[in-house]
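Contents: one structure, followed by commentary.
The values are calculated or read from the model by the stated rules, or taken from the named source; none is laboratory data. Everything numeric here is computed off the predicted structure, so don't read it as measured data. Here the Cβ positions follow ideal geometry from the backbone for every residue, glycine too, while neighbour counts run over all protein chains shown. The area values use the complete protein model at the heavy-atom level, side chains included, leaving out ligands, DNA and RNA. Shrake-Rupley method; radii C 1.70, N 1.55, O 1.52, S 1.80 Å.
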Amino acid sequence: MNFLSSSALRRKKDTRRGVKFTIMVVGQSGIGKSTFVNTLLDTKIVPHKYEPIGTTIDEPKIASFSTIDDSSTINAAVFQRDFNPALADQEPGIAITESEVEILNKGDYSRIFLNVINTPGFGDNIDNEVCFEEIINYLKQQFDIVLAEETKFKRNPKFKDTRVHACLYFITPTGHGLRELDVEIIKKLSKYVNIIPVIGRADSFTKEELADFKRNILYDIEKFNVPVFQFTYDDDEEAIPEEDEMSDEEENILSENKYLQSIQPFAIISSEDEIEIDGKSIKGRQYPWGFIDIHNPEYSDFKLLKNVLLSTHLQDLKDLTHDYLYENYRTEKLRAVNGINDETTPETKKKEFLGSRDSYIPEPPSLSNLNALANIKDSMILEEQNEKDFANILDSAQLNSQPSISSFAQETISSQKSIDSKNRSQLRLLSETVPYALKQEQIQQRKQKLAELEAKSAKEMKLKEEALEKKALELKLREQELLAKMSELGISGNASFASDN
């Protein structure tokens, strides 16, 4: 009998129900992110900057946004469709938008439910720390949603997985290599998403310049130990099967991965325009010196990258996100739980201090009080195995007519069942506490940010008040000086008025 692995079962289920896949595009404005997404899907789902409303099939959903000055509105540089010169001097901040589209594969009629995450405003600020925090918080929030769902005692069968499986990081085509901004953000995002480096606007280079640019980027990736998605094994000979043991399909996959690894980072040219060439409609760019076909592999990796994302490596990206990135995040989250004895918990100390249970107000549950429940699953498996062993003893005792052993086994099984019942109640407590704890963490973060905004607003109001008081004092001094001059001249306001008449 052949048994399918968990990943194989997921692939079979996804093929039947449709694959849910999420990609994120990150890069500075004007680098070609929106054009690439619209060309990739052959559908306009991401609007360009200052493009009027109604140009896309659906308006993108704004998942979150943040600005440097903590203003409550998104300014023109981020997501406003009409240019507003009054806001041109402000920092753009960053917005995170979501756009969904369904793709139908005409070959096997399989469906892909694609969610595209865009990050307008990234890299356009003087201080881009707010961009780092906003994107990382968004990625962590998607992991927290899955973690909360997994710990529920009864899961939702229609739960929607919103984790980001691939991040296309668009490198600015400077020709020099990675910038400090690129190295910093890739290192921070690589803990939560698979990073695929992409060179936007590759038609800015000649073939020689593009080859030099790629070499500079690869040199910086190795020098600064920048973690990006690897198509091949990292010199792990044990992980690679022997050539004589590989099938033709495995050899093709291995050679394809080696080729993809060799051409990284992907240099792409995108265009939403279709141009008639020799009676054929081809997507490309028309220049005074000639025409560029974006699907031509001689100077554009667009076709290869599209195949990687939507076909050959789609499931690999999903599996790596679930089995490695999410598991590492989940492990870190549970390891962050501190061991607290019931006798020394803050709740117990508060009870002793107040001296009355009626006056005791419990704190909201948090991940810090779940250490005793962290290993429940393993203990339950062990107890179930012990229960089976004692059941075997009971059967053996009944067959051999040994009442003393039988009664002992029954008592032991009864105790095991009570322990198992206790573990199950603890598991139920865990399933109810973890989602609420994660929600409490988000609420505390929002409260902290609100408190910071209030403190900043109070400081600004105080400065304005001081400025107004200073201005009032200056006006009062000026009035006194004018009155003094008038008294020296021996005239008054009424006298001067009468002389004028």
Open item on the list: Placing one identical point scatterer on every Cα of region 148-215 and ignoring solvent, what is log10 I(q)/I(0) from the Debye formula at q = 0.28 Å⁻¹?
Closed with: -1.19
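Using only alpha carbon positions, build the gyration tensor of region 120-162, then give the equivalent ellipsoid semi-axes as the square roots of 5 times its eigenvalues, largest first, whole angstrom.
Output for region 120-162: semi-axes of 32, 10, 4 Å.
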TODO: Using DSSP to define loop residues, name the trypsin sites (Lys or Arg not before Pro) in region 187-224 whose beta-carbon has at most 16 other beta-carbon atoms within 10 Å.
DONE: 191
Task: Residue-normalised accessible area of region 163-316, expressed per residue, 1.4 Å probe, Å² - done: 55
Open item on the list: Among the listed pairs 449/471; 187/318; 160/333; 283/306, which have their C-alpha atoms separated by more than 24 angstrom in this model?
Closed with: 449/471
Open item on the list: How are the alpha carbon pair distances in region 194-334 distributed across 5 Å bins from zero to the largest one, expressed in percent?
Closed with: 2, 8, 14, 17, 17, 15, 12, 8, 5, 3, 1, 0, 0
Task: chymotrypsin sites (Phe, Trp or Tyr not before Pro) restricted to DSSP loop in region 118-164 with at most 14 other C-beta within 10 Å - done: 153, 159
